[in-house]
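For reference, the structure discussed in these notes is given below.
Just so it is clear, none of the values below were taken in a lab; they were calculated from the coordinates. Predicted, not measured: the structure shown is a model, and the values here were computed from it. Quick reminder, even Gly has a Cβ in these numbers, built from the backbone with ideal geometry, and neighbours come from all protein chains shown.
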Amino acid sequence: MEHFEIAVIPGDGIGNEVMPEALRVLEAAGSRYGVEFAFHEFDWSCERYKRTGRMMPEDGIEQLRGHDAILLGAVGYPGVPDHVSLWGLLIPIRREFDQYVNLRPVRLLPGLTPPVRDVSPGDIDFWVVRENSEGEYSMLGGRQGEGTPGEMVMQASVFTRRGTDRILRYAFEFARRNRRSLVTSATKSNGIYHSMPYWDERFRAIAEEYPDLSAEQEHIDILTAKFVLRPRHFDVVVGSNLFGDILSDLGPGVTGTIGVAPSANIDPERRHPSMFEPVHGSAPDIAGRGVANPVGQIWSAAMMLDHLGAPEAGAGVLAAVESVLASTDAALTPDLGGTARTGDLGGAIAAAVADG
Ligand code: NAD
Ligand code: IPM
Ligand code: MN
């Protein structure tokens with residue numbers, strides 16, 4: 001039987017509510033498809049920061065290194081500044097393990113109520129390929145003249161040739177392997193003088209290596225409008241760290257809820273563990289009430305199964321999600337228009353996996 005060592009970091013807020021549902025679905029998938037998991041849980045969180053002054057221990061990255069994958073809930077909670085909590089846990093994991101691809105599917109699943117007209121399940125079905133290691137997310141810069149009228153801050157972005165080419169190439173390879181044929185690149189090369197024209201230049205160069213695929217470049221402002229007006233059009237959308245972040249909330253928003261959206265932070269070269277987490281955060285506004293949608297976490301676990309080389313189990317989990325959302329109104333959480341609790345939906349999906 002295949003055996004995997006999984007690091008589990010529930011994190012903050014609803015991370016603690018949706019993670020148990022993903023673990024229960026994984027257990028069900030393990031029994032059904034002959035996969036065994038050892039889950040190692042880490043209490044790294046804002047709670048821990050308040051107790052110890054650190055989000056994770058000094059050797060946290062080393063503690064994670066030996067695992068086959070990392071399953072993460074959400075990081076960040078009122079009481080600790082977001083840039084402190086995120087740069088103390090989530091962002092270091094992405095960077096230390098060179099998880100330079102953040103793969104985020106956007107799919108109109110059955111049972112969702114999209115805020116746009118005339119779309120049915122299957123009509124919205126694309127992937128955001130987000131650069132996950134550099135770009136606008138940087139500590140470079142600083143503040144000058146603090147407290148004076150001339151106070152200013154500068155914040156640098158970093159786009160390396162290696163970092164830009166590898167994410168663009170990943171997007172084209174992904175499109176060729178898995179998708180229809182279109183790669184859309186999100187930039188802002190009319191307003192941002194250095195980095196974005198550079199991205200466009202590299203996009204054109206890499207696109208030439210894939211003459212069998214269509215490539216189009218869009219400025220991020222109009223692209224956000226097209227996500228809402230023509231969501232059917234998209235296939236693979238590649239963007240920088242910040243633009244990919246924004247588009248991967250907008251996409252699920254157009255399908256009706258971000259509660260279902262998953263993500264995979266991948267080191268494609270498999271030198272390090274990859275990390276799987278929902279797109280959403282810790283949702284302080286609903287945390288502790290037991291009403292969070294667990295599907296984003298569960299679908300992330302399905303992506304983990306695919307990555308680990310258990311695609312049958314991954315497909316089984318996703319099929320269970322779709323069948324429960326399509327048929328079981330009693331299991332829908334409030335963001336889906338129902339009154340079910342987190343455990344009702346997670347339990348229904350686990351049962352469907354077992355029967356699958
Ligand atoms: P959020 O995603 O936590 O919440 C945004 C809105 O969506 C809220 O109204 C919330 O209730 C709702 N929502 C989110 N997930 C849901 C779910 N599973 N089911 C039902 N409703 C859900 O975004 P935010 O409010 O901007 O951030 C809150 C905290 O989470 C901040 O500290 C932020 O930095 C952090 N955050 C972390 C991650 C991560 O760990 N990857 C991602 C985004 C935000
Ligand atoms: C995400 C989150 C993070 C990001 C934040 C919390 C730093 O929004 O995973 O989408 O921007 O990467
Ligand atoms: Mn985000």
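Things to note:
- By the count of other C-beta atoms within 10 Å, a proxy for reagent exposure, ILE167, ILE220 are ordered fewest to most as ILE220, ILE167.
- For SER214, SER185, order by how many other beta-carbon atoms lie within 10 Å, fewest first: SER214, SER185
- Top positive-direction residue, dipole computed over the chain with Cβ charges, set PHE159, GLY316, VAL101: PHE159
- Entry note: the range 268-321 has Rg to Rh equal to 1.07, where both radii use alpha-carbon atoms and Rh is the Kirkwood radius.
- Using bins of 5 Å that start at zero, the share of Cα-Cα pairs per bin across the range 114-255 amounts to 2, 9, 19, 20, 18, 12, 8, 5, 3, 2, 1, 0, in whole %.
- Positive-end extreme of charge dipole, the chain - chosen from VAL279, TYR193, ALA74 (charges on Cβ): TYR193
- Rounded D (µm²/s) - the range 10-49, Kirkwood Rh over Cα pairs, Stokes-Einstein at 25 °C, 0.890 mPa s: 217
- The H on the amide N of SER185, modeled in the peptide plane, is under 5 Å from the matching H of GLU216, GLN217, GLU218, VAL238, each at least 5 residues off or on a different chain.
- Each residue of the range 134-139 is assigned a 3J(HN,Hα), and the resulting list reads 8, x, 6, 7, 8, 9 Hz, derived from the Karplus form 6.51 cos²θ - 1.76 cosθ + 1.60 (θ = phi - 60°), x at Gly and Pro.
- Cα Rg, Dmax (largest Cα-Cα span) when computed across the range 149-232, Å: 15.2, 56
- The chain: Cα Rg divided by the 2.2 N^0.38 Å rule of thumb: 0.98
- Taking Cβ atoms as reference points and 10 Å as the exclusive limit, the residues near ALA215 contribute a net charge of -1, counting Lys and Arg as +1 and Asp and Glu as -1.
- Fraction of beta bridges assigned by DSSP in the range 114-255 that are antiparallel (%, nearest 5): 25
- Of all DSSP beta bridges confined to the chain, the antiparallel ones make up roughly 40%.
- Taking a ≥ b ≥ c as the square roots of the eigenvalues of the alpha-carbon gyration tensor, the range 275-356 is classed oblate because a/c is 1.5 or more while a/b is no larger than b/c.
- Screening the chain for DSSP H helices whose Cα atoms reach 15 Å or more along their own axis and whose mean Kyte hydropathy is at least 0.5 gives 241-255, 295-308, 311-327, 342-355.
- Largest mean-square fluctuation among MET56, MET275, MET139, in a Gaussian network model of the chain whose springs join Cα atoms under 10 Å apart, belongs to MET139.
- Charged-residue dipole, Cβ positions (Lys, Arg, Asp, Glu), the range 19-117 about Cα centre, Debye nearest 20: 520
- Neighbours of PRO92, meaning other residues whose beta-carbon lies under 15 angstrom from its beta-carbon, give a summed charge of -4 when Lys and Arg score +1 and Asp and Glu score -1.
- Taking 0.890 mPa s as the viscosity and 25 °C as the temperature, the Stokes-Einstein diffusion coefficient of the range 218-356 based on its alpha-carbon Kirkwood radius rounds to 151 µm²/s.
- Each helix, a run of at least 4 DSSP H residues, gives -39500 (n - 2.57); summed and divided by the residues of the chain, these come to -13000 deg cm²/dmol at 222 nm.
- Relative to one another, the C-alpha centroids of the range 47-124 and the range 269-291 are positioned 5 Å apart.
- Residue with peak Gaussian network fluctuation, the chain [Cα springs, cutoff 10 Å], from ALA261, ALA319, ALA186: ALA319
- The range 230-297: radius of gyration over Cα atoms, expressed as a fraction of 2.2 N^0.38 Å: 1.28
- Listing GLU62, GLU131 from fewest to most neighbouring C-beta atoms within 10 Å gives GLU62, GLU131.
- Rg(Cα)/(2.2 N^0.38 Å) for the range 182-272, N = residue count: 1.16
- About the centre of its Cα atoms, the chain shows a dipole size close to 480 debye [charges on the beta carbon of Lys, Arg (+1) and Asp, Glu (-1) only; nearest 20 debye].
- Taking only the alpha carbons of the range 64-119, we obtain Rg and Dmax values of 16.5, 48 Å in that order.
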